[in-house]
Structure formats: C-alpha cells, structure tokens
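To start, the structure under review is shown below, and the notes come after it.
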Amino acid sequence: MPLPRNKPGHSRRSVLTLMAAAGAAALGLRSGLSSAQDKQLPPVTDSDPTAKALGYTDDASKVDKSKFPSFKPGSKCANCTFFQGKAGDARGPCQIFPGKSVDANGWCASHSPKAK
C-alpha cells in the first residue's frame, strides 16, 4: 500500500514549526501555572512535625540561639538555597517543606546560604 502524499501546505517543515510552537506554548502555560500555584501553597505551621524538628519560625529575629547555635545573624529563608521563591517575594515554596510555603523572613536549622 503506497504512503499518502503530502497535501500542499503540510510540508515537514510546517509540521515541525507547528510542533515547536505548541511546545513553547505548553512551556509558557506550565511556568505561569507554577508561579500561580506557588502563591497558593499553604504556609508551614508550627504544628508541622518537620517545622518543629528544624525549629522553623516565620521571623528569623526570634530564633532561639541557645537551641540553635548554628543560627547566624542575617540568615533567613530568602537567602537560603532551598527557598524557591523569587527575589522580593514575601513567601515562597521551600524544598525542605514540599507543598508548603515559607516566609521569606523565616528561618530553620536547614538554612544553607546561597552562593554569592
């Protein structure tokens, strides 16, 4: 059985161009959804077992330095490698607390400073 011939206007190039455009549109939509979903993540609470274990607080200035001697002044979620929010975001997702958001001014014992 012979293969069907391409109809005018349906060249391989046009099909590949259409596929590339569809892929780019899908990526753009995905990144838009991701940032919208990040803003809707529930905040980490004091009752969260991981938060308790790591001494998470929404305000780094309130860290109990006797319990967490590793705390360094100026350390906060916004300057941690695990913080997935953008610069200037008040809250953002964190790799330590999947599916939840942390305060940019928060802190936990897993703090790892971003490379400068």
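The values are calculated or read from the model by the stated rules, or taken from the named source; none is laboratory data. Please read all numbers here as calculations on a predicted model, not as lab measurements. No Cβ is skipped: glycine too gets one built from the backbone with ideal geometry, and neighbour counts run over all protein chains shown.
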**Which listed residue is modelled with pLDDT of 95 or more, farther than 16 Å from LEU54 by Cα and out of contact with any Pro (no Cβ under 7 Å at 6 or more places or on another chain), from ALA87, ALA115, ALA109, ALA78** = ALA78
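Conditions (1) modelled with pLDDT of 95 or more; (2) closer than 17 Å to GLY99 by Cα; (3) in a loop (DSSP other than H, G, I, E, B), marked per residue:
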position	(1), (2), (3)
ALA21	no, no, no
ALA24	no, no, no
LEU27	no, no, no
SER31	no, yes, no
SER34	no, yes, no
ASP38	no, yes, no
ASP46	no, yes, yes
LYS65	no, no, yes
**Prompt:** In the stretch 77-104, which residue that is surrounded by fewer than 21 Cβ atoms within 10 Å (Cβ to Cβ) and among the basic types (Lys, Arg) is farthest from LYS116 (Cα to Cα)?
**Reply:** LYS100
**Asked** Residues of the stretch 67-107 being in a strand (DSSP E or B) and of a type outside the set (Lys, Arg), which ones?
**Response** CYS80, PHE83, GLY92, PRO93, CYS94, PHE97, PRO98, GLY99, SER101, VAL102, ASP103, TRP107
**Message:** Here is a list: GLY106, GLY74. Which entry is farther than 19 Å from PRO42 by Cβ, over 12 Å from the mean Cα position of the chain (by Cα) and not aromatic (Phe, Trp, Tyr)?
**Reply:** GLY74
